Amino acid sequence: MSEPDRSHGRKSIRASLKPRALDGESPDLAGVWRADVITLFPDVFPGVLGASLTGKGLKDGKWQLHTHDLRPYGEGKHRNVDDTPAGGGAGMVMRADVLGRAISEVLRHRPPCPIIYMSPRGKPLTQTRTQVLADGPGPVILCGRFEGIDQRVIDHFKIEEVSIGDYVLSGGELAAQVMLDAAVRLIPGVLGNEISTENESFSNGLLEHPHYTRPPVWEDLKIPAVLMSGHHGKVAEWQKQQSEALTQERRPDLWEAFGD
Ligand code: SAM
């Protein structure tokens with residue numbers, strides 16, 4: 001007599017710890033911009049990327065996302081991925097051997113592509129970097145947790161570190177979604193033809209001008225008369241002036257670079 005099934009539909013621990021076959025669950029869409037994300041929290045993807053136009057682009061195969069659970073690559077019975085820092089100190093560091101196995105496995109399925117570690121120590125993400133990312137084959141992204149990752153992984157795989165700002169997040173997952181959102185919306189066809197990214201903030205080195213829509217008066221506040229004039233030349237001149245004034249006031253760094 002066979003043993004009664006007491007799993008209640010749950011996967012066995014061993015099955016759930018098996019590295020997910022990359023070309024099994026989500027087949028590669030050949031030639032389509034691809035992001036591979038290595039994370040301890042694969043369930044938080046696609047997250048916000050699954051909404052609106054980036055989500056539609058994902059469904060329609062305009063770009064592809066493959067998330068890889070780091071846990072099955074861990075050490076020992078408990079699949080440990082972190083350990084105490086060499087030299088002492090607080091917190092834990094993600095292990096080089098564990099990360100190395102995961103990265104090597106993911107790279108087996110990728111032609112040469114950028115490998116990016118989301119990191120507050122990285123170069124700040126810019127629109128220019130984002131455009132280069134969108135123009136390429138798509139990155140492999142490493143999401144850190146704890147105190148971060150063993151430096152040898154960064155050195156060995158020649159990983160680029162990218163920061164989304166001068167503050168510290170609990171993990172790289174949000175940062176990865178920020179970077180991916182910024183890149184994916186630049187892939188042709190993702191936003192649709194009706195939305196232009198050409199005149200957006202940063203694309204020409206300036207912040208964008210303010211926007212208005214109906215109703216023409218709200219809380220006694222009117223839409224600037226020039227925008228209601230129907231005079232395209234004057235509207236364009238007003239938008240340019242606003243854009244320059246805003247940049248000068250809020251981002252003297254951008255304004256200085258714009259003048260060079
Ligand atoms: N000990 C690190 C430091 O002081 O630079 C911070 C580690 S943080 C708590 C954990 C992870 O969050 C990092 O490994 C990184 O992947 C991610 N992270 C935190 N802040 C980030 C930022 N500003 N940009 C990109 N990733 C960030």
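The values are calculated or read from the model by the stated rules, or taken from the named source; none is laboratory data. All of these numbers come straight from a predicted model, not from anything done at the bench. Please note: Cβ atoms are built from the backbone with ideal geometry, for glycine as well, and neighbour counts cover all protein chains shown.
Take Pro252 and decide whether it is outside the structural domain of Thr128 (by TED's automatic domain parsing), free of Cβ contacts under 8 Å to residues at least 12 places away in the same chain, out of contact with any strand residue (DSSP E or B) (no Cβ under 6 Å at 6 or more places or on another chain) and under 30 Å from Thr128 (Cβ atoms).
Details: outside the structural domain of Thr128 (by TED's automatic domain parsing): yes; free of Cβ contacts under 8 Å to residues at least 12 places away in the same chain: yes; out of contact with any strand residue (DSSP E or B) (no Cβ under 6 Å at 6 or more places or on another chain): yes; under 30 Å from Thr128 (Cβ atoms): yes.
When the stated conditions are applied, Pro252 passes them.
Quick one: which residue in Ser104, Ser119 is away from the ligand (no atom under 15 Å from the Cβ) and of a type in the set (S, T, N, Q)?
Numbers: Ser119 fails: away from the ligand (no atom under 15 Å from the Cβ).
Only one candidate qualifies: Ser104.
Can you tell me which of Gly76, Gly57, Gly61, Gly50 is under 21 Å from Val93 (Cβ atoms) and either in contact with a helix residue (DSSP H, G or I) (Cβ under 7 Å, 6 or more places away or on another chain) or not hydroxyl-bearing (Ser, Thr, Tyr) (or both)?
On the way: Gly57 fails: under 21 Å from Val93 (Cβ atoms); Gly61 fails: under 21 Å from Val93 (Cβ atoms); Gly50 fails: under 21 Å from Val93 (Cβ atoms).
The unique qualifying residue is Gly76.
Helices (runs of 4 or more DSSP H) wholly in the stretch 188-260 with at least 3 residues that are surrounded by 11 or more Cβ atoms within 10 Å (Cβ to Cβ) and aliphatic (A, V, I, L, M) - which ones? Don't jump to the end; show me each part of the working.
Working: elements: 225-228, 232-250, 252-259.
Fully inside the stretch 188-260 and qualifying: 225-228, 232-250.
Any residue in the stretch 40-69 that is in the same structural domain as Leu107 (by TED's automatic domain parsing) sitting within a Cβ distance under 6 Å of a residue that is polar (S, T, N, Q)? List the pairs, counting only those 6 or more apart or interchain.
Pro42/Thr67; Phe45/Thr67; Gly47/Gln177; Val48/Gln177; Leu49/Gln177; His66/Ser26
Exactly one condition in (1) in the same structural domain as Ser52 (by TED's automatic domain parsing); (2) away from the ligand (no atom under 16 Å from the Cβ) is not met by Gln177; state its number.
(2)
I'm trying to understand the selection: among the residues of the stretch 56-96, which are at negative phi and among the basic types (Lys, Arg)?
Let us first name the residues in the stretch 56-96 that are at negative phi, namely 56-60, 62-75, 77-78, 80-86, 90, 92-96.
Within the stretch 56-96, Lys56, Lys59, Lys62, Arg71, Lys77, Arg95 qualify.
Given the condition more than 16 Å from the ligand (Cβ to nearest atom), out of contact with any strand residue (DSSP E or B) (no Cβ under 8 Å at 6 or more places or on another chain), at pLDDT 95 or above and farther than 30 Å from Ala96 by Cβ, answer yes or no: does some residue in the stretch 152-173 qualify?
No, the stretch 152-173 contains no residue that is more than 16 Å from the ligand (Cβ to nearest atom), out of contact with any strand residue (DSSP E or B) (no Cβ under 8 Å at 6 or more places or on another chain), at pLDDT 95 or above and farther than 30 Å from Ala96 by Cβ.
Tell me whether the stretch 33-50 contains one or more residues that are surrounded by 19 or more Cβ atoms within 10 Å (Cβ to Cβ), at pLDDT 95 or above and part of a helix (DSSP H, G or I).
Yes, that holds for at least one residue.
Quick check on my filter: what residues within the stretch 124-151 are within 11 Å of the ligand (Cβ to nearest atom) and under 15 Å from the mean Cα position of the chain (by Cα)?
Matches in the stretch 124-151: Pro124, Leu125, Ile141, Leu142, Cys143, Gly144.
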